[in-house]
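The values are calculated or read from the model by the stated rules, or taken from the named source; none is laboratory data. Computed from a prediction, not measured in an experiment: that's the story for all the values here. Ideal geometry is used to build each Cβ from the backbone, glycine not excepted, and the neighbour counts take in all protein chains shown. For the accessible areas, the whole protein counts, side chains as well, though only heavy atoms, and no ligand, DNA or RNA atoms are used. Shrake-Rupley method; radii C 1.70, N 1.55, O 1.52, S 1.80 Å.
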Amino acid sequence: MQGGNLSSPTSFLLLGFSTAYKAQVSLCMGFSLIYLVTVLGNLLVMTLVWLDTHLQSPMYYFLGHLSFLDICYSSVTLPKILRDSLSPQKTISLVGCITQIYFFLCFGGCECVLLAAMAYDRYLAICHPLHYTALMSKKICHCLVAVSWLSGSFSSLIQALLTAHLHFCGSNVINHLFCEIPFLLEVSCSPNALLNKAVSYALAATVAMVSFLLTLASYVHILRAVLQKGAGRQKAFATCTSHLAVVSLFFGAGAVTYLVPQSSSSKEIDKVLALMYAIVTPMLNPIIYSLRNSEFQWAIRKALCRAGCLSLNAIKYG
């Protein structure tokens, strides 16, 4: 390929799922519902953690940050997917594509590390209850959240900068729902494409796999302690299983996308996997981690009763 043929397109065409209008309308309605549930569910968790004094423990502190991350994470891709689902021209500018890659990887990397921190918090609470207060102080909580943000921001910045220096040989068609590095590399003929791929896979393996292994190790110790003590075995086992299911969905689908060669999987499967970790998981997190929790259910009932009393007083004295 001649050097003169290398170019940097001003925009890319995202193929998405389907070109049939009825299918696009159905997808738009489905994605709109998912986004609504994601935003409202996570906003509810954030509001309750902020207002309710009974939810001021480290566990709920992490849950509040996870909910904020989930809103940001899904907002990077879903609004654009919603617009494209009914648009004849599913385009995104080069600057918009690089920006989307940066924030998507940033929030995704932050969530990986935060999920590991949450699992470690539960490990300390269940396996070392007498030392929990000392081992999980406010300072340590702040440090763990800061580490999650720094690791996600640093790794995504490197990948975004390398991606911004890619060149493309005429084709600007990306067969995906949104901009992601593995699919952008497919249409690149840049000399440093292999370097980008190596760095991308190395950072993905470092951030995601290390976080997943730490999360898995924490839950293994939790399950072992629960089975040995016997008290609350079924409830604790069900909770750990639910958490591990969501974590495995998030990490597993992302690992296939970033660590498995793209030629070995179909494009439609790649898009479905992207939906799993980019859209479905942020919707499930508040349900699995928070709304099924008895303390959260009590906080919701208390908030509803308070809102009802305020409404009755407003009607009575209005």
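Below, the figures for the structure above:
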read-out: Odd one out for Ser171 among (1) open to solvent by less than 40 Å² (accessible area, probe 1.4 Å); (2) small (Gly, Ala, Ser); (3) part of a loop (DSSP other than H, G, I, E, B); value: (1)
read-out: Whichever residue in region 162-181 is of a type in the set (S, T, N, Q) and within 23 Å of the chain's Cα centre (by Cα) and, among such residues, is farthest from Ile101 (Cα to Cα); value: Asn175
read-out: Residue in region 184-206 that is under 23 Å from Thr91 (Cβ atoms) and part of a strand (DSSP E or B) present; value: yes
read-out: Criterion: free of Cβ contacts under 8 Å to residues at least 24 places away in the same chain and hydrophobic (A, V, I, L, M, F, W, C) - qualifying residue of Ala198, Ala204, Ala193; value: Ala198
read-out: Ala236 vs. criteria at negative phi and at pLDDT below 80; value: yes
read-out: Number of positions in region 62-77 that are over 12 Å from the mean Cα position of the chain (by Cα) and open to solvent by less than 10 Å² (accessible area, probe 1.4 Å); value: 2
read-out: Index of the failed condition, Thr10 passing every other in (1) modelled with pLDDT under 90; (2) under 21 Å from the mean Cα position of the chain (by Cα); (3) open to solvent by 60 Å² or more (accessible area, probe 1.4 Å); value: (2)
read-out: Residues (over 18 Å from the mean Cα position of the chain (by Cα) and small (Gly, Ala, Ser)) located in region 20-50; value: Ala20, Ala23, Ser26, Gly30
read-out: Residues located in region 165-197, provided they are modelled with pLDDT of 85 or more and either out of contact with any helix residue (DSSP H, G or I) (no Cβ under 9 Å at 6 or more places or on another chain) or farther than 24 Å from Ile269 by Cα (or both); value: none
read-out: Residues (modelled with pLDDT of 85 or more and of a type in the set (A, V, I, L, M, F, W, C)) located in region 275-294; value: Leu275, Met276, Ala278, Ile279, Val280, Met283, Leu284
read-out: Positions within region 76-95 being small (Gly, Ala, Ser) and either touching a His at 6+ places or on another chain (Cβ under 6 Å) or touching a residue at least 24 places away in the same chain (Cβ under 8 Å) (or both), in sequence order; value: Ser85, Ser93
read-out: Pair list, Cβ < 9 Å and 6+ apart or interchain, from region 21-41 residues that are without any contact (Cβ under 8 Å) to a residue 40 or more places away in the chain to residues that are β-branched (Val, Ile, Thr); value: Val39/Ile71
read-out: Single residue of region 35-61 satisfying the filter (open to solvent by 40 Å² or more (accessible area, probe 1.4 Å) and of a type in the set (Val, Ile, Thr)) that is modelled with the lowest pLDDT; value: Thr53
read-out: Leading residue by the ranking (surrounded by the most Cβ atoms within 10 Å (Cβ to Cβ)) among those in region 282-301 that are touching a Ser or Thr at 6+ places or on another chain (Cβ under 8 Å) and of a type outside the set (Ser, Thr, Tyr); value: Pro282
read-out: Boolean, Phe103 is within 17 Å of Gly41 (Cβ to Cβ), in contact with a helix residue (DSSP H, G or I) (Cβ under 9 Å, 6 or more places away or on another chain) and open to solvent by 10 Å² or more (accessible area, probe 1.4 Å); value: no
read-out: Residue check for Thr133: touching a strand residue (DSSP E or B) at 6+ places or on another chain (Cβ under 9 Å), open to solvent by 50 Å² or more (accessible area, probe 1.4 Å) and not charged (D, E, K, R); value: no
read-out: Flag if Val247 is surrounded by 12 or more Cβ atoms within 10 Å (Cβ to Cβ), at pLDDT 75 or above and closer than 27 Å to Tyr219 by Cα; value: yes
read-out: Given (1) over 30 Å from Gln56 (Cα atoms); (2) open to solvent by 20 Å² or more (accessible area, probe 1.4 Å), number of the condition Phe154 does not satisfy; value: (1)
read-out: Qualifying residue in region 90-103 (condition: among the basic types (Lys, Arg) and more than 30 Å from His221 (Cβ to Cβ)); value: yes
